[in-house]
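Presented below is the structure to which this report refers.
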Amino acid sequence: MKKIIETLKNIWRIEDLRKRLLITLLFVAIYRLGSFVVIPGIDPAQLAKLHEQTSSGLMSLLNMFSGGAFSNASIFALGIMPYISASIVMQLLAVTVPAFQKMQREGESGRRKINQYTRYLTVAILIFQAPMYLYNLKTTAGPAITQSVPWLWFLISSTFILAGGAMFILWLGERITDKGVGNGISIIIMIGIIARLPQALGQEFVTALTSPGAGGLVKFLVEIFALLAVIAVSILLVQAVRKVPVQYAKRVEGRQQYGGARQYIPIKLFAANVMPIIFAQALMFIPLTLASYGTKENPGWLLRNFLNSNSLIYNIVFVLLIIAFTYFYTAITLNPVQMAEEMKRNNGFIPGVKPGKSTSDYLDRIMDLITLPGSLFIAFIAILPAIANLLHVNQEFAQFFGGTSLLILVGVILDTLQQIESYLLVRHYDGLLSAGRTRRSAHLSAY
C-alpha cells in the first residue's frame, strides 16, 4: 500500500502526466453524462420494456458496450460500435484489396486516407443503424415516444441526433488519445463496460442474500474470487509469447560474419487479440436481426436457440466461429513469407533453419502450433459468461466473467498502465509494479 501511495504521488508530481490524466477524466465524465441525456421526444419513465429487452441475451451485450446508453434511449445509444465495425472492415480491406494495401504502405499520408474512409463508412453504418434502433424502440416501448410529433419527423431528426452523438463520442476518443493518457477509443469502450459493474455487482449481492437457495454470502464471495482468478489468468496469458531466436550479420574487417547476442521474434499467443470474438459475435447477431423483422413472435427451434446465448447449440457454433476467425485473422495479419524475406534482406537467419522458404515454413509451423491453444483459450473465455449463468450467476454480472468485455478490460488497463509507467521511468521514478516495469501488454482494443 505504501508503494502504491508513493507511486500516485510521483504521478501527481509530473505536470504533463497530471494534465493528461485530468483531461482524460474530464472527457470520460462528459461521455458518461451524455449517456443519460435522452433523445428529445422520449419519456424516460416509459422505457421499462426497453430495459427488460436489454437485460438478457444478445441485447445485453449491446447495452454493456454503450455503458447503459442503449437502454436509456440516450443520444449516445449507438455508442462507439459503428466506428469499431467500420474499422474492422477497413482492416480487412487493407490486407485483401490492392488499392488499400498501397495506401497502407504510403505511411502517414496513407494512414490519414484510411482514417478518412473509416469515418465515411462509420457515417454510412450510422444512417442504417439509427433507424433500426428507432424502429426497435417503437416496437418495444412505443408509449415512450411522444404522440404530438409525426413519426416520420421524429425518425429523421432522431437519426441525425443518434449519428451526431456517435460521431461526438469518436471525437472524444480522439481527443483522449491526443491530449490524455491511453488509446481514447479503447478507454471509452472500457468505461462503458465498467459503468455496468457496480449495478451488476449490487444485484448479485442482493440476490445472493435474499433469494431462497441462492447460496448466500459464501456463494457471492466464491464468485468474486473466481472473477479475480479469471482476470489474473487472462493477464498472464494475453502477454504470453513464443520467442524465435534470430542472428544477424555484422562486418568484421571487411568480412561478413554472424555473431553477437541473439535477437528474438516475439510471436504472441494471442496475435489476433480480441478480434475473433468480435467477428463471431457480429455473425451471431444475424438471428437477432432476423427476429426483429417479425419472426420473433413465433420463432422456430433453431432460431430460438440462436437467440439464447446460454443454449448449447449457440455456444458450440460460437466456439467454432472463434477458432476459425482466429486462424483467419492470424493468417492475414502475420505473413511468414514477408517475415522471412525481411529477415533475409537484413542478413538474418534462424539458427538451424535455411533462409528463404525453409524459414517461412518454420515460422508458419510455429504460428499454427501456438494459434490452436490461443484460439481454444479465447473460445473458453468467450463462453465463460454462459457457464457462469448456468451456475445461477445473474446475466448482467456473468458478462464480466469472460468474453469480449473481460479481454478488453485486461488489454486496455495494461496498455494504459504501460503508458503511465513510461512517464515515470523517463523521470527516474519507480514503476507501477514491484519489478519496476509493466510488461508490454498485447493491445486488446476492439478495433
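The values are calculated or read from the model by the stated rules, or taken from the named source; none is laboratory data. Every value quoted in this text rests on a predicted model; they were computed, and no experiment measured them. Neighbour counts are summed over all protein chains in view; Cβ atoms, including those assigned to glycine, are modelled from backbone coordinates with ideal geometry. Note: areas computed on protein heavy atoms with side chains; ligands, DNA, RNA excluded. Shrake-Rupley method; radii C 1.70, N 1.55, O 1.52, S 1.80 Å.
Side notes on the structure shown:
- Cβ-derived FRET efficiency at R0 22 Å, ALA229 paired with ILE5, nearest 0.05: 0.25
- Legend: residue pairs LYS138/LYS179; LYS102/LYS179; LYS268/LYS354; LYS102/LYS268; LYS243/LYS354; LYS9/LYS179, Cα-Cα distance threshold 28 Å; pairs beyond threshold, LYS138/LYS179; LYS102/LYS179.
- Average accessible surface for the chain: 51 Å² per residue, computed with a 1.4 Å probe over protein heavy atoms with every protein chain in place.
- Projecting label points 7 angstrom from Cα along Cα→Cβ for GLN46 and GLN203 puts them 2.4 nm apart.
- Take the Cβ atoms of LEU425 and ASN136, set R0 to 56 Å, and the FRET efficiency comes out at 0.70.
- Nitroxide proxy distance, nm - points 7 Å out along Cα→Cβ at ARG365 and THR210: 6.2
- 3J(HN,Hα) couplings calculated from phi for the range 38-44 with the Karplus curve 6.51 cos²θ - 1.76 cosθ + 1.60 (θ = phi - 60°) are, in sequence order, 7, 4, x, x, 10, 9, x Hz; Gly and Pro show x.
- In plain terms, the chain from ARG175 to ILE156 could stretch by 4.0 nm, reckoned as 0.36 nm per residue minus the Cα-Cα distance.
- Phi angles across the range 330-336 convert, under the Karplus curve 6.51 cos²θ - 1.76 cosθ + 1.60 with θ = phi - 60°, into 3J(HN,Hα) values of 5, 5, 8, 9, 10, 9, x Hz, Gly and Pro given as x.
- Förster radius 41 Å - calculated FRET efficiency between ARG112 and LEU320, Cβ distance, rounded to 0.05: 0.60
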